[in-house]
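Values quoted throughout were computed directly from the atomic coordinates according to the rules given, and no laboratory measurement underlies them. Since the structure is predicted, the reported quantities are computational estimates derived from the model, not experimental observations. Using ideal geometry, Cβ is built from the backbone for each residue, glycine included, and neighbour counts are taken over all protein chains shown.
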Amino acid sequence: MLILGIDTATAQVSCAVGGHEGVLASTHSIRARQHAETLTPAIEFTCRQARIDLNEISVVAVDLGPGLFTGLRVGVAAAKAMAHALRVPMIGASSLDLLAFAVRFSPKLIAAVVDARRSEVFSALYRQVPGGVQRVSEPQVGSPEDLASEILAIGEECLMVGDGSLRYREVFDGLAKVEVTEAGWAYPSAASLVMLAHAQALREQWVKPWDLQPLYLRKPDAESNWTVREGR
């Protein structure tokens with residue numbers, strides 16, 4: 001079983017291929033607002049590095065967000081089209097789950113934080129469990145200050161991961177028992193996506209392409225701006 005992982009939910013475009021033998025190849029790049037132009041060459045390069053043909057892919061996995069609206073749409077649409085063309089099932093995962101999974105060896109409370117722009121963040125809390133992490137709060141959107149207050153109220157040692165924690169680092173650095181990870185952990189990883197998807201695929205927990213929906217958590221900027229103008 002070979003899985004193609006596609007992640008475009010944040011500023012980073014990431015692809016990976018793997019299966020029973022683990023992750024065979026992965027690539028990532030950051031080119032501001034060029035997700036559509038970057039994704040197809042990234043997939044082709046990753047497959048060449050893994051020495052496989054696209055026709056050998058048996059599952060397509062994709063990051064469903066939350067994240068940047070345009071990038072998220074590009075990745076989900078491309079993944080659905082590819083799964084449809086290859087006639088293979090799909091698996092979706094949250095960008096917050098992928099961030100937390102990457103630091104699954106930490107015994108601390110894990111806060112996965114994605115920059116949502118507009119002075120807000122997408123976030124969820126996780127705890128270490130055998131083999132991975134378990135989400136202990138629902139994904140939400142809010143201000144960095146609100147998230148800081150929530151973590152402060154819990155009062156536990158906390159590891160913060162994601163570009164949202166880095167962008168608003170001045171809000172979180174002053175909190176006792178809180179550690180913010182470095183830039184190497186800023187974005188969700190398609191390699192993590194492939195590993196999570198492989199475990200689900202073994203349990204046949206996949207879905208049809210038309211059943212996968214992005215997790216936006218809020219309206220896109222254009223729709224929100226139109227609503228404001230109508231109100232005026």
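Cross-chain or 8 or more residues apart, Cα under 28 Å: how many lysine pairs in the chain fit that? Count them up, please. Qualifying lysine pairs in the chain: 4.
Rounded if a/c is under 1.5, else prolate if a/b beats b/c, else oblate: with a ≥ b ≥ c from the C-alpha gyration tensor eigenvalues square-rooted, which is segment 1-139? The shape class here is oblate.
Taking amide hydrogens as placed 1.01 Å from N in the peptide plane, the amide H of ALA61 sits under 5 Å from those of LEU4, GLY5, ILE6, ILE91, each at least 5 positions away in sequence or on another chain.
A simple spin-label model places the labels of PHE105 and VAL136 2.1 nm from each other, with each point 7 Å out along Cα-to-Cβ.
Bridge orientation summary for the chain: considering DSSP beta bridges with both residues in this region, about 65 percent are antiparallel. Residues ARG167, ARG127, ARG48 in ascending order of nearby Cβ atoms (within 10 Å, fewest first): ARG48, ARG127, ARG167.
Per-residue ellipticity at 222 nm from helix content only, as computed over the chain with -39500 (n - 2.57) for each DSSP H run of at least four residues, stands at -11000 deg cm²/dmol. Sequence-distant contacts, meaning Cα pairs under 8 Å at least 6 residues apart, place the relative contact order of segment 96-185 at 29 percent.
Averaging Cα coordinates gives a centre for segment 90-142 and one for segment 177-209; these two points are 10 Å apart.
Here the label points at LEU202 and GLU156, each 7 Å from Cα along the C-beta direction, are separated by 2.6 nm in the simple model. In percent, rounded to a whole number, the relative contact order of the chain is 22, using alpha-carbon pairs under 8 Å and six or more apart. Taking the Cα centroid of segment 36-65 and of segment 68-87, what is the distance between the two, rounded to the nearest whole Å? Between the Cα centres of segment 36-65 and segment 68-87 lies a distance of 11 Å. Annotation: the residues GLU37, GLU170, sorted from fewest to most other C-beta atoms within 10 Å of their own C-beta, follow the order GLU170, GLU37.
Ordering LEU152, ALA201, ALA112 by Cα displacement along the dipole of segment 92-216 toward the positive end leaves ALA201 in first place; charges were set at the Cβ atoms of Lys, Arg (+1) and Asp, Glu (-1).
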